[in-house]
Amino acid sequence: MAAVRAHRVLPGFGLSLGFTLAYMSLIVLVPLSAVFILTSTMSVQAFLDAVASPRVVASYRLTFGASLMAALINVVFGLLLAWALVRYRFPGKRLVDALVDLPFALPTAVAGISLTALYAKNGWLGQYLEPVGIKVAFTPLGVLVALVFIGLPFVVRTVQPVLEDLDTEIEEAAASLGADRWQTVRRVVLPTLLPALLTGFALAFARAVGEYGSVIFIAGNLPMISEITPLIIITKLEQYDYVGATAVASVMLVASFILLLIINGLQSWSDRRSARGL
Amino acid sequence: MATAAVGLRAGAARFEANTATRDPVWVKGLVLFLGLAFFSLFLLLPLIAVFVEAFRRGWGVYIAALVEPDAVSAIKLTLLTAAIAVPLNLVFGIAVAWAITKFDFRGKQMLITFIDLPFSVSPVVAGLIYVLVFGAQGWFGPWLGEHGIKVIFAVPGIVLATVFVTFPFVARELIPLMQAQGRDEEEAALVLGASGWQMFRKVTLPNIKWALLYGVILCNARAMGEFGAVSVVSGHIRGLTNTMPLHVEILYNEYQFAAAFAVASLLATLALVTLAIKTYVEWKAAPSTPPAEAP
């Protein structure tokens, strides 16, 4: 401990850490703990009634299922986009690169009404899709579309830097040892990208699970069919069922914490992997 | 979320010039076609749709939707909320980054994990927790009621929820950068006789200014655009507790589509300005960048 203390040449340790802990407790930790404290006062039966009723279970299935599919779609197309941005020259590349972050910057409500306008029955895309039997707006498919929109930058932005830092020598070695291009990509490049791809997948999935604004406009919000779990919480709140809303929120929070731990693990794996490659 | 210095640093030319890393033309064509088609369908088209729908019924309707009193008060409230939330999280970001990167202490890793918590919590849950603490049925509800202080369904609740969802932005841009910069420069400044404040202003601040600006603009974009968390605590009182995103929702649900998209187009413009500044900052923050190859 003495050795550690001797390092503190710089001023402001007490002030910065003290402020940090006080602010974080006040804004984040104490309010979040309210969810678990209130949940712990519920009886087991009341808790189960709130979190395991058929309507709520249907919402978990939609929320987690659509988030999983959206994250998978984003892994495929996010990798293609990251590959194009790093490896190829094409006109408009800087614009594409800048706009990839649009879902981070565009308010979710704006994305929600815009996607709905595109996919509604008389919308830009909906008018061509509905006649061939593809209904997107106000169905679970609409939820998927919104979650794909919201998750795309997570995959691109985790894969892109790793791809940029990838040493060309690895691929040169593979090529000189007789591997064709496809073998090189599949056996050499993709395994190096795997931690970044998994991190991007987990980030996109975690974001999608909690997403609200972009989804509710396009989902139609039919109970049992296109109702996401965050909306269940809102509905319960509007019916003054604070305890029920809190119980469902505690389930979502536990899911978030588990995802956060997984993401932290994946990120440190990814960092170690790319550090070793240098 | 993305780290600061993602750019097109090295340029694609070196990959395309090298036979070992060059993809066949048909592969390049296919990847570009699929990637860009996906990009256009999911990112570009929704962005264009906002502006086209906003102007569908002409400039008159567009302007009218923005100068209408409820819209003006929503714009004012959004600006006020960001003006409080962003500086608070800026100060927090600097404080936590200073503590984490300049000192060694136990529990540091846990602290870093806690910073990210608000990003992994659903915005709806973020709103709910303040209802549980400050709402009429909440922990401090009765006390606040007796003293005539309204937090939930009022401006303080909106600010609190916004502070929560934008909590990590500045901190997570600063921490990796300050970690990489180490402590030597600050220690040298102190040895040479600088006061703590001089050291911070003349050494630390110039070193972190681009990351700081980057964190602030992302924080601001989210603060002005937050919907879910604010929706829970706002109560949707027109002219009083409606922010711009909530105003968009109300107009949309009343089938006033042109007006909804008009207000939405302001928010979309804010997003585009944010992305433009972000691109500029990335370009400034990476001075070693060779000029990008001509397209």
message = Taking a virtual spin label 7 Å from the Cα of residue B:143 along the C-beta vector, which residues in the range A:31-74 bring their backbone nitrogen under 14 Å of it?
response = A:31
request  = Rank B:55, B:42, B:75 by how far each Cα sits towards the positive end of the charge dipole of the range B:1-110 (+1 on Lys, Arg Cβ; -1 on Asp, Glu Cβ) and give me just the farthest.
outcome  = B:42
ask   = Within 10 Å of each Cβ of B:87-99, how many other protein chain Cβ atoms are there on average?
value = 4
ask   = By how many nm would the segment from residue B:108 to residue B:41 grow when fully extended, if each residue of separation counts as 0.36 nm and the alpha-carbon distance is taken off?
value = 19.8 nm
ask   = When you look at the Cβ of every residue in B:17-30, what mean number of other chain Cβ atoms sits within 10 Å?
value = 4
key: In nm, spacing of pseudo-spin labels at residue B:184 and residue A:183 (7 Å Cα→C-beta vector)   = 4.6 nm
ask   = Which helices, counted as full DSSP H runs in chain A, have an axial Cα extent of no less than 18 Å and a Kyte-Doolittle average of -0.5 or above?
value = A:54-87, A:140-165, A:190-210, A:242-277
ask   = Counting pairs of alpha carbon atoms under 8 Å apart in space and at least six apart in sequence, what relative contact order in percent does chain B give?
value = 32 percent
Filtered GluC sites (Glu not before Pro), the range B:213-264: DSSP coil and at most 16 other beta carbons within 10 Å = B:254
inquiry  = On a 1.4 Å probe surface of the protein chains, which of B:33, B:164, B:153 comes out largest in accessible area, and what is the full order?
reply    = B:33, B:153, B:164
note = Computed from the beta carbon distance with a Förster radius of 60 Å, FRET efficiency for residue B:30 and residue B:256 to the nearest 0.05 stands at 0.85
note = Across A:245-256, the residue-averaged tally of Cβ atoms belonging to other chains within 10 Å stands at 4
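For the range B:39-174, what is the relative contact order in percent, using Cα pairs closer than 8 Å and at least 6 residues apart in sequence?
Averaging sequence separation for qualifying contacts and normalising by length gives 34 percent for the range B:39-174.
Which of the pairs B:76/B:150; A:121/A:236; A:121/B:76; A:93/B:28; A:236/B:150 have their Cα atoms more than 24 Å apart in this structure?
Values: B:76/B:150 19 Å; A:121/A:236 30 Å; A:121/B:76 35 Å; A:93/B:28 14 Å; A:236/B:150 22 Å.
Check vs 24 Å cut-off fails for A:121/A:236; A:121/B:76.
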task = Just report the Cα centroid separation between the range B:121-171 and the range A:120-175, whole Å.
result = 35 Å
key: Of the DSSP H helices in chain B, those whose Cα atoms cover at least 30 Å axially and whose Kyte score averages 1.0 or more   = B:69-102, B:257-285
ask   = Placing +1 at every Lys and Arg Cβ and -1 at every Asp and Glu Cβ, with all other atoms neutral, what dipole size does the protein assembly as shown have around its Cα centre, in debye to the nearest 20?
value = 520 debye
Using a Förster distance of 30 Å, the FRET efficiency for residue B:14-residue B:269 (Cβ separation, nearest 0.05) = 0.25
Mean Cβ neighbour count within 10 Å, used as a protection proxy, ranking A:78-86, A:237-245 highest first = A:78-86, A:237-245
ask   = Are any of the pairs A:135/B:278; B:108/B:278; B:202/B:278 more than 26 Å apart by Cα-Cα distance, and if so, which?
value = A:135/B:278; B:108/B:278
ask   = Share of the protein assembly as shown's accessible area from carbon and sulfur, percent, 1.4 Å?
value = 68 percent
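The values are calculated or read from the model by the stated rules, or taken from the named source; none is laboratory data. Just so we're clear, the structure is a prediction, and the values are computed from it rather than from any experiment. All Cβ positions, glycine included, derive from the backbone under ideal geometry; neighbour counts span all protein chains shown. Surface areas here come from the heavy atoms of the whole protein model, side chains and all, with no ligands, DNA or RNA. Shrake-Rupley method; radii C 1.70, N 1.55, O 1.52, S 1.80 Å.
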